[in-house]
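Here's the structure we're looking at; comments come further down.
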Amino acid sequence: MLSEIEQFQKWLRRRAPHSSTPIHYASDLVLFFNNSISVGNVTTQDVDQFIEQSQKKGHAIATINRRLAALCSFYRYLAMMSDEAPANPVRLRRHCLREGTHLPRDVKDEDLARLFAQITSTRDRAIFLLMLRCGLRVGEVRNLSLNDLYLYSLSGNLPRLWLHGKGDKERVVYLSAQVVNALEAWLAIRPNGNEQAVFVNRSGKRLTVTGIQSLLAGYCQRIDVPAGYASLWITCHQLRHTFGRHLVEARVPVPTIQKLMGHARIRTTEIYLHIADKQVQADYEAAMEQIMERLSLQETA
């Protein structure tokens, strides 16, 4: 890794010690400079070529834009640290790719039942219930520490978590009785040690994000699916999306959902309305009944 990238990563960690951005940005920069391009000689055309190569490899638009953001932030950091820093080669209007709006992919309730039937580990059940019932991101679960837990109701307050969320923003997450029971069951058998992490491995070390994702992938491989169907693949973020859908179906107000999910913008929360809009479904069903009465297309043998 280039020394400039190492210094940039350290600077990011000082600014946001609980954020995963330093890890991702450093990885993106190493990938960009892997072609032996020196920091001081990168041109706008080099960035053009990098984008073209990424598209040919089939990388997602969001991934390419994040790498551009990492590169842009890196050169802004260099300019801040030195008056003789090289010019920023990233031109946002020229380089950033337009990304369409994608609906969150949730999980069918029957598939959730199949998944949790396979999760017999007390620790793992608590991990994935936090995603499904509280909407935690996988990184938020990984970063939970013992002093973040408030599992008992005090002064009329529900059991809750004190969470370091995305962008190092803190938020309160309330816990249902099911989640509290799962956490208490795990804490009763959790290995003792110096590590303050809620979820640890057999060695008493904090789990990694990759480790948690691998656990879920392993459970998915055990699920029996009906003949003729592809294997069931569920991601950690899909569990969080399903939490959002469940809240919409329960007619929870959008501002409340925004707070519970830790969205910075209410527009992000409103996307969940499109995957569980009962009114739209009812209007469509009523319209189809009227249309069929007026024009019924008989099926031919």
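Listed values, structure above:
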item: Charge dipole (debye, nearest 20) of the chain; +1 at Cβ of Lys and Arg, -1 at Cβ of Asp and Glu; result: 840 debye
item: Dipole magnitude of segment 109-275, debye to nearest 20 (Cβ charges: Lys/Arg +1, Asp/Glu -1, about Cα centre); result: 340 debye
item: Chain lengthening between R66 and S153 when straightened (0.36 nm per residue, less Cα-Cα); result: 27.2 nm
item: Label point distance in nm, T210-Q118, each placed 7 Å from Cα along Cα→Cβ; result: 2.2 nm
item: Inter-probe distance in nm under a simple model that places probes 7 Å from Cα toward Cβ, at A87 and D224; result: 6.6 nm
item: Fully extended contour minus Cα-Cα distance, from A250 to A16, at 0.36 nm per residue; result: 80.7 nm
item: Sorted largest first, extent of segment 130-188 alpha carbons per principal axis (Å); result: 29, 25, 20
item: Theoretical FRET efficiency, 1/(1+(r/R0)^6), r = Cβ-Cβ of Q178 and R265, R0 25 Å, to 0.05; result: 0.25
item: Full-stretch length increase - E99, S203 - with 0.36 nm per residue and alpha-carbon distance subtracted; result: 33.2 nm
item: Most mobile of M288, M80, M261 in a GNM of the chain (Cα contacts under 10 Å); result: M288
item: Hull-based mean projected area of the chain, where the convex hull spans the alpha carbons, in square nanometres; result: 23.4 nm²
item: Binned Cα-Cα distance frequencies in segment 141-229 - 10 Å width, integer %; result: 14, 37, 33, 12, 4, 0
item: Loop-located trypsin sites (Lys or Arg not before Pro) in segment 115-216, at most 16 other Cβ atoms within 10 Å (DSSP); result: K169, R202, K205
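Computed from the coordinates by the stated procedures, all read-outs in this text should not be read as laboratory data. Please read all numbers here as calculations on a predicted model, not as lab measurements. Because the Cβ atoms are built from the backbone with ideal geometry, glycine has one as well, and the counts that use them run over all protein chains shown.
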